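**Student:** For reference, the structure I am asking about is given below.
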Amino acid sequence: MPRDKVPRIGMSEPFHDLKGVATPATRSMGRLYWLALGTFAIGTEGFMIAPLLPDLARDLSVTLASAGQLVTVFALTYALSSPILTALTGNVDRRRLLIASMLAFAAANFIASSAHTYPALLVARILLAVAAGLYVPNANALATAIVEPSRRGHALAIVTGGISVAVALGVPLGAVIGERFGWRVNFVIVGALSILATIGLLSGLPRDIAGGTPVASLRERLDVARRPAILLALLVTLLWATGAYAVYTYLTPFLTQFAGISRSSIGAVLFMWGVAAVLGIRLGGNLNDRFGNLPVILISLSVLTIAFLSLAISPTFLPPHAARTPILLSIGLWGVSAWAFFPAQQARLVSIGGESVAPVTLSLNASFQFFGFSAGAALGALTMGIGSPIWLGWVGACCELCALVLVIASRRPREDKEQSF
């Protein structure tokens with residue numbers, strides 16, 4: 001039976017000839033790692049802010065819910081600006097655009113590190129989102145243009161892998177550094193990483209490297225988004241991201257209050273979640289290749305719903321010391337199931353839309369993902385404002401359950417025929 005495939009990170013074949021001389025393929029792959037360093041910096045900054053919210057709120061003299069709007073504004077700005085600016089700058093030299101956007105990202109980090117008021121930090125987060133929204137899709141586009149067609153999946157896996165490594169290592173390290181040295185140091189470190197990535201792009205990307213890489217117009221993007229089947233699938237991404245980020249944004253106060261975990265140990269919990277997320281991405285890709293995307297999506301959303309329900313139920317009936325183990329197990333399940341969903345969802349969107357519009361479809365999926373992150377952070381803030389962190393699990397579970405129901409209701413007869421266990 002036909003199966004939908006997704007690119008997965010794997011061992012690459014040798015890129016050197018018998019004399020040990022680097023081939024053009026070697027140089028192309030080396031350039032990909034400079035692009036990946038940029039996505040690593042962006043992923044670290046994008047996800048590291050959540051565990052720092054209590055310190056930010058205290059330092060800037062705002063409520064925790066208000067501090068959470070820093071997450072909402074970043075995600076919303078990214079979702080809105082990325083497709084528009086990417087289309088408007090389609091004729092700009094890709095190398096210059098990447099270097100300029102990474103320099104802007106570095107500058108915005110240094111602005112954020114020196115912000116002493118909430119509005120100043122909010123403006124810095126908007127600038128960060130605009131720069132990130134320009135860099136990531138253009139880095140992905142360039143990655144596919146500088147390698148042979150047969151290696152495009154591997155190239156994308158390397159560049160997007162920067163974000164995976166950020167989730168697994170950058171974010172927990174950021175939590176530890178922020179706890180020990182203060183949240184401003186995190187922005188300085190990410191800014192320094194961004195400058196290093198810029199130097200790598202300047203030295204590693206030839207001036208003529210970006211020729212002939214087409215960019216979809218806004219009209220093309222809207223035409224694809226108007227297709228009912230694609231729109232329904234994108235709404236699944238929106239609900240998935242909303243539920244996950246409603247919980248993730250305020251995970252730190254939840255853990256300290258209901259699992260008895262100290263602030264100094266939050267980094268270890270986030271490291272566990274990050275490792276589970278990376279395992280989930282690999283597992284989702286492997287299972288998608290074997291069973292098809294629909295079974296992986298259904299199981300992932302089901303397990304994720306159960307994990308969030310456990311986060312809500314465990315502290316309701318157990319004291320913090322007893323609830324700690326089931327809460328940590330639930331967080332591990334959350335990391336695996338949430339990120340196992342992602343490659344399968346990408347494969348399903350490509351299957352629904354067709355290979356010819358796959359870049360546009362996946363770009364739209366990224367926008368809906370960040371719309372979901374924005375909505376989730378806002379929903380989490382609303383939950384914290386009118387209730388308790390213990391409600392976050394219920395909110396997350398409801399969003400994932402809605403996503404699951406939408407997948408079941410919108411699946412096509414052809415999917416049922418093509419995919420089975």
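**Student:** So what is the relative contact order of the stretch 183-337, in percent, for Cα pairs below 8 Å that sit 6 or more residues apart?
**Tutor:** Working: 76 pairs, mean separation 40.5, N = 155.
Computed value for the stretch 183-337: 26 percent relative contact order.
**Student:** While we're on this one: What is the chain's relative contact order, in percent, from Cα pairs under 8 angstrom and six or more apart in sequence? Could you put the intermediate results ahead of the total?
**Tutor:** Numbers: 706 pairs, mean separation 113.6, N = 421.
Rounded, it is 27 percent for the chain.
**Student:** Once you place label points 7 Å from the Cα toward the Cβ at Ala229 and Thr144, how far apart are they in nm?
**Tutor:** 2.0
**Student:** List every DSSP H helix in the chain whose Cα atoms extend 18 Å or more along the helix's own long axis and whose mean Kyte-Doolittle hydropathy is at least -0.5. Don't skip to the end; give the middle numbers.
**Tutor:** Numbers: long enough: 24-60 (52 Å, 0.50); 64-88 (36 Å, 1.45); 94-113 (29 Å, 1.00); 118-145 (41 Å, 1.35); 152-165 (19 Å, 1.03); 183-204 (32 Å, 1.60); 228-248 (30 Å, 1.80); 266-291 (36 Å, 1.05); 293-317 (36 Å, 1.88); 320-353 (49 Å, 0.69); 358-386 (41 Å, 1.17); 392-410 (27 Å, 2.06).
Correct list, ordered by number: 24-60, 64-88, 94-113, 118-145, 152-165, 183-204, 228-248, 266-291, 293-317, 320-353, 358-386, 392-410.
**Student:** Same structure again: Principal axis lengths of the stretch 240-322 from Cα atoms, whole Å, largest first?
**Tutor:** 41, 25, 23
**Student:** Taking the Cα centre of the chain as origin, work out the dipole magnitude from +1 charges on Lys and Arg Cβ and -1 charges on Asp and Glu Cβ, in debye rounded to 20. Could the numbers behind the result be given before it?
**Tutor:** Values: 29 positive and 18 negative charges, 75 e Å.
Rounded to the nearest 20 debye, it is 360 debye.
**Student:** For the chain, what is the mean residue ellipticity at 222 nm derived from helices alone (per DSSP H run of n ≥ 4: -39500 (n - 2.57); sum divided by total residues; nearest 500 deg cm²/dmol)?
**Tutor:** Details: 16 runs with 333 residues, N = 421.
Only helices count here, giving -27500 deg cm²/dmol.
**Student:** What FRET efficiency comes out for Arg290 versus Phe181 if R0 is 45 angstrom and r is the Cβ-Cβ distance? Round to the nearest 0.05.
**Tutor:** Numbers: r = 45 Å, r/R0 = 1.00.
That gives a FRET efficiency of 0.50.
**Student:** Give me the distance between the Cα centres of the stretch 258-306 and the stretch 30-82, rounded to whole Å.
**Tutor:** 21
**Student:** Separate question: Starting from the Cα-Cα distance between Ser302 and Ile386, subtract it from 0.36 nm times their residue separation and give me the gain in nm to one decimal. Numbers along the way, then the final one.
**Tutor:** Numbers: separation 84, 0.36 × 84 = 30.24 nm, distance 2.75 nm.
Additional length available on full extension: 27.5 nm.
**Student:** Here's a follow-up. When the chain is fully extended, how far beyond the present Cα-Cα distance does Val92 get from Thr325, taking 0.36 nm per residue of separation? Can you show the working numbers first?
**Tutor:** Details: separation 233, 0.36 × 233 = 83.88 nm, distance 5.22 nm.
Fully extending the segment from Val92 to Thr325 adds 78.7 nm.
**Student:** Next question. P(r) tail for the stretch 263-421, what percent of Cα pairs lie past 21 Å? Let's see the in-between values first.
**Tutor:** Numbers: 6447 of 12561 pairs.
Above the 21 Å cut-off, the stretch 263-421 has 51 percent of its Cα pairs.
**Student:** For the stretch 79-165, I need the span (max minus min coordinate) of the C-alpha atoms along each principal axis, in Å, sorted largest to smallest.
**Tutor:** Answer, in whole Å and largest first: 50, 31, 21 Å.
**Student:** May I pose another question? Please report how far the C-alpha centroid of the stretch 125-185 lies from that of the stretch 391-408, rounded to the nearest whole angstrom.
**Tutor:** 27
**Student:** Could you bin all the Cα-Cα distances of the stretch 189-309 into 10 Å bins starting at 0 and give me the percent of pairs in each, rounded to whole numbers?
**Tutor:** For the stretch 189-309, the binned pair fractions read 9, 22, 27, 30, 11, 1 percent.
**Student:** Jot down the per residue volume, in cubic angstrom and as a whole number, of the convex hull over the alpha-carbon atoms of the chain. Present the calculation step by step, with values, prior to reporting the outcome.
**Tutor:** Values: hull volume 59.0 nm³, N = 421.
Hull volume normalised by residue count: 140 Å³.
**Student:** Using the C-alpha atoms of the stretch 60-122, what convex hull volume per residue, in cubic angstrom, is computed?
**Tutor:** On the way: hull volume 4.8 nm³, N = 63.
Once divided by residue count, the hull of the stretch 60-122 is 76 Å³.
**Student:** Report the extension gain between His116 and Glu220 in nm, rounded to one decimal, defined as 0.36 nm multiplied by the number of residues separating them, less their alpha carbon distance.
**Tutor:** Numbers: separation 104, 0.36 × 104 = 37.44 nm, distance 4.22 nm.
Gain in length upon complete extension: 33.2 nm.
**Student:** Determine the order of Val167, Val123 by accessible area, beginning with the largest, at a probe radius of 1.4 Å. Let's see the in-between values first.
**Tutor:** Details: Val167 5, Val123 85 Å².
Per-residue accessible area, sorted high to low, gives Val123, Val167.
The values are calculated or read from the model by the stated rules, or taken from the named source; none is laboratory data. Predicted model, so just to flag it, every value in this text is computed and none were measured. As a convention, Cβ positions derive from the backbone with ideal geometry for all residues, glycine included, and neighbour counts pool all protein chains shown. Note: areas computed on protein heavy atoms with side chains; ligands, DNA, RNA excluded. Shrake-Rupley method; radii C 1.70, N 1.55, O 1.52, S 1.80 Å.
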